[in-house]
Amino acid sequence: VAHMWFDNVIYEADTSDEQTNARYGKDNPSWLNLARCAMLCNRAEFKVGQDDVPVLKRECNGDASESALLKCVELSMGHVTDYRNRNKKISEIPFNSTNKYQVSIHETDDPNDQRYVLVMK
């Protein structure tokens, strides 16, 4: 991931391990919604046993686009696997070349909110 577009601004993605070059607020509501979609509406996973490997060098199970999104949000937000575990997937329409979209429905990690969240890319 090289660039991101939200709030009508194109941002250069911070691909450093330290994440010190981000030009957007990590608490920006638009960024948080975009990151949530990249974390949840994504079938890529890191291969096991790579916790000590830098994020950008980790091998993934999944296609190149989804792996890039996974690495981007892991660098920026961290703990993607934990986030996915807290927001259990209920149903999914996987990406296919006919539809050209992917949709998934998740429980939320808020115990006081019984609604579901739908994410689509």
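The values are calculated or read from the model by the stated rules, or taken from the named source; none is laboratory data. Quick caveat, the model's predicted, so the values are computed rather than measured. Every residue, glycine among them, receives a Cβ derived from its backbone with ideal geometry; neighbour counts consider all protein chains shown. Note: accessible area is taken over every heavy atom of the protein model, side chains too, but ligands, DNA and RNA are not part of it. Shrake-Rupley method; radii C 1.70, N 1.55, O 1.52, S 1.80 Å.
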Round to the nearest 10 and report in Å² the accessible area of THR108, as given by a 1.4 Å probe over the protein chains' heavy atoms.
40 Å²
Show me the GluC sites (Glu not before Pro) within segment 7-77 that DSSP assigns to loop and that have at most 16 other Cβ atoms within 10 Å of their Cβ.
GLU18, GLU59
Which net charge results when you count Lys and Arg as +1 and Asp and Glu as -1 among the other residues whose beta-carbon is under 14 Å from that of ALA2?
0
Compute the normalised compactness of the chain: alpha-carbon radius of gyration over 2.2 N^0.38 Å, N being the residue count.
1.07
Rounded to the nearest 10 Å², the accessible area of ARG84 using a 1.4 Å probe with every protein chain kept is 50 Å²
For GLN114, net neighbour charge (Lys/Arg +1, Asp/Glu -1) across residues whose Cβ lies under 14 Å away:
-2
Using Cα pairs closer than 8 Å and at least 6 residues apart in sequence, work out the relative contact order for the chain, in percent.
20 percent
Segment 92-121-segment 30-47 distance, computed between alpha-carbon centres (Å)
11 Å
Lysines with Cα under 21 Å of LYS47, excluding same-chain neighbours fewer than 8 positions away:
LYS57, LYS71, LYS88, LYS89
Within segment 20-121: Cβ-based charge dipole about Cα centre, in debye rounded to nearest 20 (Lys, Arg +1; Asp, Glu -1)
280 debye
Taking the dipole of segment 16-121 about the Cα centre (Lys, Arg +1; Asp, Glu -1; charges at Cβ), the one of PRO29, TYR83, TYR101 that reaches farthest to the positive side is TYR101
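In a shell of Cβ-Cβ distance under 14 Å around VAL55, excluding VAL55 itself, what net charge do Lys and Arg (+1) and Asp and Glu (-1) give?
Values: positive: LYS47, LYS57, ARG58, LYS71; negative: ASP14, ASP17, GLU18, GLU45, ASP51, ASP52, GLU59, GLU74.
With Lys, Arg at +1 and Asp, Glu at -1, the neighbours total -4.
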